[in-house]
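Read the structure below first, then the notes.
Each value in this text was obtained by applying a stated rule to the coordinates, not by laboratory testing. Please read these numbers as outputs of a predicted model, since none were measured by experiment. Here the Cβ is made from the backbone with ideal geometry for all residues, glycine too, and neighbour counts use every protein chain on show.
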Amino acid sequence: FLVLPNCHAVGEAEACGTIPRLAATEGASNKFLLYINGKFRPSSSGKTLEVLCPVNDSAIYEVQACTKEEIDEAFEAAKAAQKLWSQTPLWKRAELLKKA
């Protein structure tokens, strides 16, 4: 999941110009890969969707257009990970989240 910046809460230049670039595709820091089951990868659809800044409607980056199968795969991976996470002691979860 990506958390989008609120362009109205911070200035237009700041919000639309300084988007975190996690796992950007090579050569294009505004294109993001899927993150499913601990791995970054492009969608098998080969398509992307533009995400627009609500302040000025400029394209701020592109995300992968997932297929139904990729959504199902991500859901199943999340369900499996949640079982393990729920068995992790609270102190260990807090330690891991603090590192993130």
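Couple of notes before you dig in:
- Inter-probe distance in nm under a simple model that places probes 7 Å from Cα toward Cβ, at A94 and A59: 4.5
- Couplings for the stretch 79-94, taken from phi via the Karplus curve 6.51 cos²θ - 1.76 cosθ + 1.60 with θ = phi - 60°, read 4, 5, 5, 5, 4, 5, 4, 5, 8, 6, x, 3, 4, 6, 4, 4 Hz in order; Gly and Pro are left as x.
- Potential lengthening between K83 and L33 on full extension [0.36 nm per residue; Cα-Cα distance subtracted]: 15.5 nm
- E73/V51 FRET efficiency (R0 35 Å; Cβ-Cβ; nearest 0.05): 0.95
- Environment charge at K79 (Cβ cut-off 14 Å; Lys +1, Arg +1, Asp -1, Glu -1): -2
- Candidate cross-link partners of K92 among the lysines, defined by an alpha-carbon separation under 24 Å and a same-chain spacing of 8 or more, comprise K39, K79, K83.
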